[in-house]
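Only one structure is covered here, and it is reproduced in the block below.
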Amino acid sequence: MSNTEVAPQEILCATDANCAGVELLVPRQVPLGGPRAMDVRRTLPQRQRSLIGAWCFLDHYGPDRVGDSGGMKVPRHPHTGLQTVSWLFTGEIEHRDSAGFHAAVRPGEVNLMTAGRGISHSEFSTPATTVLHGAQLWVALPDSARHMAPTFEHYRPEPVSGTGWTLRVFLGVLGGSVSPVTTHTPLLGAELVLEAGAELTLDTDASFEHGLLLDAGSLSLDGHPVPKDNLAYLPVGHGSLTLTAGSDGARVLLIGGAPLGEKIVMWWNFVGRSHEEIVAYRAQWQAEIGAETAAEDNAQTDTGDGAGRDGGPAGAGSAEGGAELRFGSFPPGEPAPLPAPALPNARIRPRG
């Protein structure tokens, strides 16, 4: 998913695990664009906390009636230095990227796209989708992996059940379930559904920070009530978590990971390490989509009827003359890519 804010703020993400209790991160509403846009509830990043492990972004949306909101319509946009993690409760989303992967995002199945040095992708809810409900998360890649080639993985975790609860682990290890999906720092990602009044104590990695998002119902975490749509944060040092559902049960997303131990600068859809990198990523994206548009316009002019669109960019990662594109290319006939927002007037400076 793209961060479609008109004036996205630069954010320096740094680990701060000084708080010993449960910290609540309250969501803010962010429209995905347009007068009938679907709104998302963003709990990461925030000024007071930018990272949970390597998790650096969490948008929570729905349940949304697609007939009212228009659904998800996010044209092609770029990413660097991160992994996108898509998880749905209801509906279906079509994913297409410049590394050549074309896949459906469905409930109970995780799609993980590794941007590495650069990728572009689009996300559209499918025509059959009437209600859209899910979460989009990003993971910051460590310096050792952030320049890798882009790739994509899909996984459907088998549920693990006990008295009054069902667990699906899509990243990492929890409750005896192990995900094979590739991560580059120690991470955890899971969905947990609890029946009314159920209580569950999970053994967790004490070296991890954890975040728990309450999607539906009512719940307390280690005796602390968690409001719906809030993200509850726990610092390192917790070897177990106790979840207690209210009278209407609960559905939660649990994320976690070892503190990244690196400072990252995140602006729009780019994760980098400096102002100069972010400026360069933006300039390259604008140059690539500008050249692509010019090539398509020239092809249409040459043929007079638009048939020349088939002579556009040769495919993922290539450009005219064989030069490699950082953000790849799409087949002809796809919706126009999203241009990057304007950079701040001042130098992008780190912020905690």
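A straight chain from Arg117 to Ala294 at 0.36 nm per residue would run longer than the Cα-Cα distance by 61.3 nm. For Leu44, nonlocal amide neighbours, meaning residues 5 or more places apart or on other chains whose placed amide H falls under 5 Å from its own, are Leu58. Taking all protein chains as shown and a probe of 1.4 angstrom, Phe57 keeps an accessible surface of around 0 Å². How would segment 166-297 be classified by its alpha-carbon gyration tensor: rounded, prolate or oblate, with rounded meaning a/c under 1.5 and the a/b versus b/c comparison settling the rest? Prolate is the answer for segment 166-297, as a/c is 1.5 or above and a/b outweighs b/c. Is segment 29-89 rounded, prolate or oblate when judged by the Cα gyration tensor, a ≥ b ≥ c being the square roots of its eigenvalues, rounded requiring a/c under 1.5 and prolate requiring a/b larger than b/c? Prolate is the answer for segment 29-89, as a/c is 1.5 or above and a/b outweighs b/c. Ordered from highest to lowest accessible area with the whole protein assembly present and a 1.4 Å probe, Asp215, Asp222 read as Asp222, Asp215.
Taken about its Cα centre, segment 79-237 carries a charge dipole of about 400 debye when Lys and Arg each add +1 at the Cβ and Asp and Glu each add -1 at the Cβ.
Measuring r between the beta carbons of Asn345 and Thr182 and using R0 = 41 Å, the FRET efficiency lands at 0.55. Stretching the chain fully between Thr90 and Thr126 yields a gain of 11.8 nm (0.36 nm per residue, less the alpha carbon separation). Could you tell me which of rounded, prolate or oblate describes segment 118-191, using a ≥ b ≥ c as the square roots of the eigenvalues of the alpha-carbon gyration tensor, with rounded for a/c under 1.5 and, failing that, prolate when a/b is larger than b/c and oblate otherwise? Here segment 118-191 falls in the oblate category.
If the chain linking Asp203 and Ala283 were pulled fully straight, counting 0.36 nm for each residue of separation and taking away their Cα-Cα distance, it would gain 24.2 nm.
Charge dipole of segment 131-200 (Cα centre as origin; +1 on each Lys and Arg Cβ, -1 on each Asp and Glu Cβ, all else neutral): 180 debye, rounded to the nearest 20.
The values are calculated or read from the model by the stated rules, or taken from the named source; none is laboratory data. Everything numeric here is computed off the predicted structure, so don't read it as measured data. Cβ sites come from the backbone with ideal geometry, for glycine too, and all protein chains shown count toward neighbours. Accessible surface is based on the protein model in full, side chains and every heavy atom, while ligands, DNA and RNA are left aside. Shrake-Rupley method; radii C 1.70, N 1.55, O 1.52, S 1.80 Å.
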